[in-house]
Amino acid sequence: MAEAGRPKTRLSSTRTPAVLIGELAHRFLEAWDFAQDGEKFGSRLGPFLDQWLPSDLRSERESIEAELAEIFGGFFDSKIYAELARSQILGREVPLLMPWDGQIMEGVIDLIYEHDGLLYLADYKTDRIAREELTQGAKRYGRQAQIYSRAARQSLEREVAAFKVIFLRLGEAVRVPPDESQELPFPIQLTLL
């Protein structure tokens, strides 16, 4: 199974600063080899920003690089990073399209991986959140856990051990139980490219 990805296009500077930072963080992790020593991420940020930072934001490069270093600082020295380093990465930024209330719902599963023979889905968050708010903060993603888990289960014909929200700044992964309050009345198709 090959890793899925999205087309490599330049990022737009018309997004809000928080959205742009989030997109840059996702793009950086999309190409990161989790088997590498996490301490090496700092030497990769400069060349990464040379390639992906919109030209009209070059004057803010120092603050953007500092923000990304803060986001990744906790992550690359965490238990979840160590788990990913020992896992088989099956997909990154995997696109998902499905019917939803008469419309088409689009999503992206940040990470699909196998660890100790079990299948996991993960979603990266760059939010600033207090450690004591992690569990409550992760509960907001119950619906996403339900939809993404069902998509993976149907498409890959495997049970999903857990959907995890990875709060990058704190280097913490929180398992999110699916919100089963509404049954999803449709088949879902997920394709790993």
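A few comments on the model shown:
- Per-region count, region 140-172, residues part of a helix (DSSP H, G or I), open to solvent by 10 Å² or more (accessible area, probe 1.4 Å) and closer than 15 Å to Tyr113 by Cα: 5
- Residue match in region 124-134 (condition: in contact with a Ser or Thr (Cβ under 6 Å, 6 or more places away or on another chain), among the aliphatic types (A, V, I, L, M) and not in a strand (DSSP E or B)): no
- Of the residues making up region 108-128, those that are closer than 19 Å to Ala18 by Cβ and either open to solvent by less than 30 Å² (accessible area, probe 1.4 Å) or not hydrophobic (A, V, I, L, M, F, W, C) (or both) are Asp110, Asp123, Tyr124, Lys125, Thr126, Asp127, Arg128.
- Condition met for Met105 (open to solvent by 10 Å² or more (accessible area, probe 1.4 Å), farther than 12 Å from Ile166 by Cα and either aromatic (Phe, Trp, Tyr) or assigned to a strand (DSSP E or B) (or both)): yes
- Search result, residues across region 160-193 that are charged (D, E, K, R) and modelled with pLDDT under 95: Asp179, Glu180, Glu183
The values are calculated or read from the model by the stated rules, or taken from the named source; none is laboratory data. In this text the structure is predicted, and so the values were computed from the model without any measurement. As a convention, Cβ positions derive from the backbone with ideal geometry for all residues, glycine included, and neighbour counts pool all protein chains shown. Calculation scope for accessible area: heavy atoms of the full protein, side chains included, ligands and nucleic acids excluded. Shrake-Rupley method; radii C 1.70, N 1.55, O 1.52, S 1.80 Å.
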